[in-house]
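Inspection log for the structure reproduced underneath, given as structure tokens.
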Amino acid sequence: MKTINQSHIEAIRSLINKSPFFSLLSINVLRLEYGYCLLEIDLDKKHLNPFGGLHGGVYSSAIDTASYWAVYCSIPEDTGLISLDLHVDNISTVREGTLIVEGKQIKSGRTVCLAESTVRDLSGKLLAHGTSKQIIVDGLQTVNQAIEAMGYSPLPKKFLD
């Protein structure tokens with residue numbers, strides 16, 4: 001296993017937390033490491049469906065995001081990930097508070113990765129669970145391409161060795 005450059009991790013966290021979609025949903029990536037991602041979402045009225053409950057798409061987006069970034073640290077520098085499949089089980093709902101989302105890499109192969117994520121409230125109650133399959137692609141949808149598209153400065157190298 002390669003050693004992850006913590007300067008890269010801090011720079012990528014800052015970048016993704018400012019991205020338009022994450023800002024829209026108030027997603028904040030707190031921790032990012034090999035095989036693991038922790039994020040939170042502070043719920044607001046914008047997250048609710050017309051009936052006043054949390055929209056199921058919030059769970060789906062949170063699970064997809066945490067799963068993606070849990071796998072990110074284990075793939076080579078100039079490769080990207082594309083979600084192939086996302087399965088979400090909505091277990092319970094909330095209307096307010098903070099969602100805590102943990103993503104964990106289950107298996108990372110040469111071309112396909114599998115990760116799972118859980119969504120909980122601050123008391124630890126399980127609200128949703130999901131799995132995500134992602135395909136590793138060389139030179140497509142890489143972080144460097146995202147940085148260039150958004151006009152940001154290049155990031156430090158991902159790995160130290």
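The values are calculated or read from the model by the stated rules, or taken from the named source; none is laboratory data. Keep in mind that this is a model prediction, so the values were computed, not measured. Note that we place each Cβ from the backbone using ideal geometry, even for glycine, and neighbour counts take in every protein chain shown.
Is it fair to say residue 38 is surrounded by fewer than 23 Cβ atoms within 10 Å (Cβ to Cβ), part of a strand (DSSP E or B) and in contact (Cβ under 8 Å) with a residue 60 or more places away in the chain?
In short, yes.
Considering only residues that are touching a strand residue (DSSP E or B) at 6+ places or on another chain (Cβ under 8 Å) and touching a residue at least 40 places away in the same chain (Cβ under 8 Å), look in the range 41-60 and name the one that is nearest to residue 5 (Cα to Cα).
Looking at residues that are touching a strand residue (DSSP E or B) at 6+ places or on another chain (Cβ under 8 Å) and touching a residue at least 40 places away in the same chain (Cβ under 8 Å), I get 41.
Note down all Cβ pairs under 9 Å where the first residue falls in the range 2-29 and is among the β-branched types (Val, Ile, Thr), the second is part of a helix (DSSP H, G or I) and surrounded by fewer than 13 Cβ atoms within 10 Å (Cβ to Cβ), and they're at least six residues apart or on different chains.
Filtered contacts from the range 2-29: 27/21.
When you go through 65, 93 one by one, which is the residue that is crowded, with 21+ Cβ neighbours inside 10 Å, without any contact (Cβ under 8 Å) to a residue 60 or more places away in the chain and of a type outside the set (A, V, I, L, M, F, W, C)?
Checking each option against the conditions leaves just 65.
A quick yes/no check of all residues on (1) out of contact with any helix residue (DSSP H, G or I) (no Cβ under 8 Å at 6 or more places or on another chain); (2) among the small types (Gly, Ala, Ser):
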position: 7; (1), (2): yes, yes
position: 22; (1), (2): no, no
position: 40; (1), (2): yes, no
position: 53; (1), (2): yes, yes
position: 59; (1), (2): yes, no
position: 63; (1), (2): yes, no
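If you take the residues in the range 111-161 that are among the charged types (D, E, K, R) and in contact with a Ser or Thr (Cβ under 6 Å, 6 or more places away or on another chain), which one is surrounded by the most Cβ atoms within 10 Å (Cβ to Cβ)?
116
Got a sec? Which of 61, 74, 26, 67 is modelled with pLDDT of 95 or more, under 17 Å from the mean Cα position of the chain (by Cα), small (Gly, Ala, Ser) and closer than 16 Å to residue 114 by Cβ?
It is 67.
Can you confirm whether the range 69-90 contains a residue that is closer than 24 Å to residue 56 by Cβ, of a type in the set (A, V, I, L, M), in contact with a Lys or Arg (Cβ under 7 Å, 6 or more places away or on another chain) and in contact (Cβ under 8 Å) with a residue 12 or more places away in the chain?
The answer is yes; a qualifying residue exists.
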